């Protein structure tokens, strides 16, 4: 029994060594995978950090004053770089054609609603996120549209189209549809 017991013991040790080697290989493979994932995570975290900074900068620019003002010593402050939103009405943009697309979409949502909307409702209608950062960015757009005569703030935080805006948009959309129809023939 000594010879066969030694053979069994040798066979068992060989199997254990094979399993040990397989476990070492798996550990090395997993460590390499962890290193790769750690690098990927670091790159994505850096991208996220840059996007958050960019978003904050855009919100600050969009919510800032449209025109440079004067500070205490009489020197004019430079106007911030911002989207140019034309005034509604005579001398401005009477039909929305010169209104930037993002702002035109906002005005159209408010016009189509037929009732005053909050920033969160406009975000929802446009498919923009409902997080505070999205609402604040939308609120900045709505306030800018109020200053330029496109919307009115009927009560704090509730926005509606200014007089004549909905009709002007409808007329412009009708004229655009007619022009496209004529070009297709």
- Query: If the chain between residue 22 and residue 36 were fully stretched, how many nm would it gain, using 0.36 nm times the residue separation less the Cα-Cα distance?
  - Reply: 2.9 nm
- Determine the principal axes of the Cα atoms in the range 1-60, then give the extent along each, sorted from largest to smallest and rounded to whole angstroms. 86, 11, 6
- Task: Take each of the peptides 7-17, 149-159, average the number of other beta-carbon atoms within 10 Å over its residues, and list them starting from the highest.
- Result: 149-159, 7-17
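Here, each number is a calculation from the coordinates, and none is a lab measurement. Small disclaimer: the values here were computed from a predicted structure and weren't measured. We place every Cβ from the backbone using ideal geometry, glycine too, and count neighbours over all the protein chains shown.
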